[in-house]
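The values are calculated or read from the model by the stated rules, or taken from the named source; none is laboratory data. Please read these numbers as outputs of a predicted model, since none were measured by experiment. So basically every Cβ, Gly included, is an ideal-geometry build from the backbone, and we count neighbours across all protein chains shown.
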Amino acid sequence: MDGGSKLRRWRVGFLGVLVGLSAFPIGALALRYEVLPDSSLTVACTKCSKPTSFTVRLRGNWEMVSLIGSEAPGLVAISSMELRGREMVIEGNGFWQRLGLQRQAMVLDLVINEQRLRFTSGRRQRMPSGPPVDEALPAQLSIVLSAGASTDRTYILVLHARAVDPTGNDSDDDGVPDVSDNCPQTRNPDQVDADADSVGDACDRCLNSPTAAEVGPTGCSLEQSCPCAGPREGEVWASPREYGRCVARALRQMQRAGKLTPEQARTRLKRALRSGCGRVVLARVS
């Protein structure tokens, strides 16, 4: 059996479970999952006269409930999914399934700005390392899904999420648990985030971060934290070393916040050091 046939067979079986959900008793174990940085939706129009694409960073949450007595082992129901990005609202439900010890699959029925789409993870994807919450539910989830193959637009959904801390700690006492609070040390019950960078306006020092840019705990991208022209308006860097120290500090903060891997931080640091920023121009030829 070729790869395409296996994929179609898996989709048929998974959708059969969707139809028969009402016959399965629901288990008591249910957890809420919060979206982590780097989650995104990319929309590409490859069949348009002028091919275009754009990416929107997402934040939000959903519920996952293990299904006891299901004929599909490791099956988990996804409900009340609500994701938001700049000018983007995504809502829906679906299923996630553990396949063996290290593989996973997911199917989602989503409505994106009033357009209904079915997303699937396709072939079995590898699960992130780390201990599970229990035998059925993962502590963390990372998966890539796609939709729209039969239309003029292709959608790529990248989800990174973790189970909410059951203790529900709320350091700033604003009614939002720390694990999902976009300003955990600053009271902001409305959770307003105008530039959709996952850092709330109440603690965001850069309220106009570029779409899909990685930002640090203060809501500033690398370019905003360490502008090439100088540390502040009207000033220049004293030397390339001063600029490099600023970049290294900003990347370290992003890494500690879990928004960059060590390898990503090293790559960005090397790129910044080769950029020429921080060089002092002693004279200009008119």
Inset, instruction - Considering every residue within region 221-232, establish whether at least one is under 28 Å from ILE78 (Cβ atoms) and in a loop (DSSP other than H, G, I, E, B). - result: no
Inset, instruction - Assess whether THR218 counts as being out of contact with any Gly (no Cβ under 9 Å at 6 or more places or on another chain), in a helix (DSSP H, G or I), of a type in the set (Ser, Thr, Tyr) and closer than 29 Å to THR55 by Cα. - result: no
Legend entry - Hits in region 243-281 (condition: under 28 Å from LEU159 (Cβ atoms), exposed (fewer than 15 other Cβ atoms within 10 Å of the Cβ) and among the polar types (S, T, N, Q)): THR261, THR267
Inset, instruction - Can you tell me which residue among SER198, SER150 is at pLDDT below 90 and in the same structural domain as ARG32 (by TED's automatic domain parsing)? - result: SER150
Legend entry - Which numbered condition MET254 misses (of (1) under 23 Å from LEU83 (Cβ atoms); (2) modelled with pLDDT of 90 or more; (3) part of a helix (DSSP H, G or I)): (2)
Legend entry - Index of the failed condition, LEU83 passing every other in (1) surrounded by fewer than 20 Cβ atoms within 10 Å (Cβ to Cβ); (2) within 16 Å of SER40 (Cβ to Cβ): (1)
Inset, instruction - Search region 257-279 for residues being polar (S, T, N, Q) and in a helix (DSSP H, G or I), and hand back the single one that is farthest from the chain's Cα centre (by Cα). - result: THR267
Legend entry - Test for ARG84: is it at pLDDT 90 or above and among the basic types (Lys, Arg): yes
Inset, instruction - Answer yes or no as to whether THR267 is β-branched (Val, Ile, Thr), farther than 19 Å from SER39 by Cα and touching a helix residue (DSSP H, G or I) at 6+ places or on another chain (Cβ under 6 Å). - result: no
Inset, instruction - Give the residue that is modelled with the lowest pLDDT, with candidates limited to residues of region 100-130 that are touching a Pro at 6+ places or on another chain (Cβ under 9 Å) and assigned to a loop (DSSP other than H, G, I, E, B). - result: GLY130
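For every residue, the table says whether it meets (1) part of a strand (DSSP E or B); (2) touching a Phe, Trp or Tyr at 6+ places or on another chain (Cβ under 7 Å).
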| residue | (1), (2) |
| --- | --- |
| LEU141 | yes, yes |
| HIS160 | yes, no |
| SER171 | no, no |
| GLY175 | no, no |
| ARG187 | no, no |
| GLN191 | no, no |
| VAL199 | no, no |
| PRO210 | no, no |
| ALA213 | no, no |
Inset, instruction - Being farther than 23 Å from CYS277 by Cα, surrounded by 14 or more Cβ atoms within 10 Å (Cβ to Cβ) and either outside the structural domain of PRO262 (by TED's automatic domain parsing) or in contact (Cβ under 8 Å) with a residue 12 or more places away in the chain (or both) narrows it down to one of PRO217, PRO189, PRO240, so name that one. - result: PRO217
Inset, instruction - Give the number of residues within region 131-142 that are surrounded by fewer than 20 Cβ atoms within 10 Å (Cβ to Cβ) and either modelled with pLDDT of 85 or more or within 24 Å of CYS203 (Cα to Cα) (or both). - result: 1
